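Notes follow once the structure below has been shown.
The values are calculated or read from the model by the stated rules, or taken from the named source; none is laboratory data. Keep in mind the model is a prediction, meaning the values are calculated, not measured. When we count neighbours, we look across all protein chains shown, and the Cβ atoms used for this are built from the backbone with ideal geometry, even at glycine.
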Amino acid sequence: MSFLDKLKKGMTEAGNKAKITVEINQIKLQIHSRKKDIEAQYKLMGETYFNHYVHASQEDVRTLLNRYCEKIISIQNEIEQLQEKIKEISNEKSCVCGQVVPRETKFCPSCGHKFDEESNEIVWDDEPQPETVVCASCHSEMAADSKFCPSCGQPFNRGIS
């Protein structure tokens, strides 16, 4: 491969990564905006309750507060969907323990949970990699801070690398 071909390939990859970064940042901005909307709902809930208290209103305040709660839950669901979209774009998934791992991971390196088999999407491997060690059981590489091998699920014994 000639120098110009390598340069062209590198520029194309950089452009693709830049698009992904822009898309992720746009989604993060949406999440931030939706979190501000939740804060506004909390404020309205407090003001509503206080006004009913001060004016000794006979109207049932719970009905009004329930509407705010439903709105907050709706916004929280939107935020969760946006966060899942970020993971999809980043080629990541979440474990039951909360750890975010690359989509191709078979076992969580933190808790050892086995992931269901799923189709793998494009993986960007030119990212800087953390320090790695080799699993004594299956000889796969894994992050040095892993507690379990992401390939075979065996506990990682720090004494063996």
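In the range 1-32, the residue that is nearest to the chain's Cα centre (by Cα) out of those that are loosely packed, with under 11 Cβ neighbours inside 10 Å and of a type in the set (Ser, Thr, Tyr) is Thr12. Regarding the range 101-113, can at least one residue be identified that is within 19 Å of Phe156 (Cα to Cα) and basic (Lys, Arg)? Yes, the range 101-113 contains at least one residue that is within 19 Å of Phe156 (Cα to Cα) and basic (Lys, Arg). The set of residues from the range 140-161 being assigned to a loop (DSSP other than H, G, I, E, B) and at pLDDT 80 or above comprises Ser140, Asp145, Ser146, Lys147, Cys149, Pro150, Ser151, Cys152, Gly153, Gln154. If you filter the range 12-67 down to residues that are assigned to a loop (DSSP other than H, G, I, E, B) and not polar (S, T, N, Q), you find that the one that is modelled with the lowest pLDDT is Glu59. Residues that are within 27 Å of Glu13 (Cα to Cα), modelled with pLDDT of 90 or more and either hydroxyl-bearing (Ser, Thr, Tyr) or not assigned by TED's automatic domain parsing to the domain that holds Leu44 (or both) occur at least once in the range 106-118.
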